[in-house]
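The values are calculated or read from the model by the stated rules, or taken from the named source; none is laboratory data. Remember, predicted model here, so these are calculated numbers, not experimental data. Cβ placement follows ideal geometry from the backbone for every residue including glycine, while neighbour counts extend to all protein chains displayed.
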Amino acid sequence: MWSEPYLETCCRSALHRLILCGAAGRPEGLKDQPCLERMAGMGLVARDAAGRYRATAAGVARHDSEIMAPAITARATTASGGGAGR
């Protein structure tokens, strides 16, 4: 993870929204387009023939490791009673 280029918070959010869109992808012209273009340059996102942004395999892997993994770890820690304040 540390050898990968840093993703700004706005770009991590845009990547998460893109993943939530699934096969439909995201159209151009939305407020997160600058982030989608930045991530396209990093190979995490690609535009299809219709101009919609879709996550690449690298984008899905980055989402799983950087966005979803911390959330899953936090839930597991809280469920086991190891959360803050203990």
Practice problem: Please go through the stretch 7-32 and pick out each residue that is more than 12 Å from the chain's Cα centre (by Cα), more than 10 Å from Tyr53 (Cβ to Cβ) and not in a helix (DSSP H, G or I). | Solution: Gly29, Lys31
Self-check item: Selection within the stretch 64-86 - touching a helix residue (DSSP H, G or I) at 6+ places or on another chain (Cβ under 9 Å) and either aliphatic (A, V, I, L, M) or at pLDDT 95 or above (or both)
Solution: Ile67, Met68, Ala84
Quiz item: What are the residue pairs meeting all of these: first residue in the stretch 1-27, first residue in contact (Cβ under 8 Å) with a residue 12 or more places away in the chain, second residue among the basic types (Lys, Arg) and part of a loop (DSSP other than H, G, I, E, B), Cβ atoms under 6 Å, and 6 or more apart or on different chains?
Solution: Gly25/Arg52; Pro27/Arg52
Quiz item: What residue, among those in the stretch 33-65 that are assigned to a loop (DSSP other than H, G, I, E, B) and within 13 Å of the chain's Cα centre (by Cα), is nearest to Pro5 (Cα to Cα)?
Solution: Met42
